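Asks: Got a structure here, written out as structure tokens. Questions coming.
The values are calculated or read from the model by the stated rules, or taken from the named source; none is laboratory data. Computed from a predicted structure; not experimentally measured. Here the Cβ is made from the backbone with ideal geometry for all residues, glycine too, and neighbour counts use every protein chain on show.
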Amino acid sequence: MSLPRLSLEIKCRILDHLDSLSSIALVWKDVLLPIRQRRFRSIAVVKDSHIGRLFDIILSEPKIAKLIHQLEVAEYGYGFGDTYECPILPHLLARLPGISNLKLNKLCTISHSALLPHLLAVLPPSKLTKVSLDFAEWTEAYRILFMLHSFPHVEDLRISGRANSTRPVEHGGPGVDIVELYQAPAFESVKRLELSGYQLCCNDMLRVLAHSGAFPNLESLTLASATVSGGWMKRLGECCARWPTTLRELRLPSLWLACTLL
């Protein structure tokens, strides 16, 4: 049996084991769509040249935009730089109607400016259900909550932080203003929340979770790489008391034991 007569299923299995798909696409026209689906379902851009290249591809082949479901924006170096400030990025996001999973890495001063809401306003919010935010510098807990206004329908939320802050772990930096704490918005759509990094699992963040009512319908809570102390355990208990009927899962991977626990 000649290769062109192979079933589409077998051809797709062959594609799974190939590094380069361009030459196959020239021969097997019927697998052109599966090739594009594999290549473009998840896209990562780490510098402005990648953004421009992807934008050009979508302009030349608009149908590809609908195949992209996950977009990861990373910073080529450390800190706030060309990637998020790239003027093409908003235009690129506006042409991605199928995005459901968004990852923003190495966020810095973007968290203290109005850039993020304007940048994400062009995305269809009803489809964006999974969001991952990674911070490269210290960001107060309540500021993170107010950033989430850009994701009104997110169900699966992951927030991570760099472990290079010189602020005390136990105090978590500056205390949260009590007025700002109780004015924090409620995000009823969030079902799963993961906080990763000792900065984000500190007492200040747990205090916000316990007293702000930010996630009233939370079903799963993960606190990764937290530093455990007596005060931290108390805050954790207050957090769990917030969700007596909805919380079904509590995960605490990679815990660090502080000397103040005993």
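Asks: Please specify each residue of the range 125-163 satisfying the condition of being of a type in the set (Lys, Arg) and at pLDDT 80 or above.
Replies: Answer for the range 125-163, where residues must be of a type in the set (Lys, Arg) and at pLDDT 80 or above: LYS127, LYS130, ARG158.
Asks: Taking the range 5-39 only, how many residues are in a helix (DSSP H, G or I) and either modelled with pLDDT of 60 or more or surrounded by 13 or more Cβ atoms within 10 Å (Cβ to Cβ) (or both)?
Replies: 23
Asks: Taking only the range 76-97 into account, find how many residues are modelled with pLDDT under 85 and in a loop (DSSP other than H, G, I, E, B).
Replies: 7
Asks: Could you please let me know if HIS211 is surrounded by fewer than 20 Cβ atoms within 10 Å (Cβ to Cβ), within 22 Å of PRO117 (Cβ to Cβ) and modelled with pLDDT of 70 or more?
Replies: no
Asks: I've got another one for you. Restricting attention to the range 45-72, and to residues there that are at pLDDT 90 or above and in a strand (DSSP E or B), which single residue is surrounded by the most Cβ atoms within 10 Å (Cβ to Cβ)?
Replies: So, considering only residues that are at pLDDT 90 or above and in a strand (DSSP E or B), the one surrounded by the most Cβ atoms within 10 Å (Cβ to Cβ) is LEU71.
Asks: Does SER189 fit the bill of being surrounded by fewer than 20 Cβ atoms within 10 Å (Cβ to Cβ) and either at pLDDT below 90 or under 16 Å from ILE144 (Cα atoms) (or both)?
Replies: no
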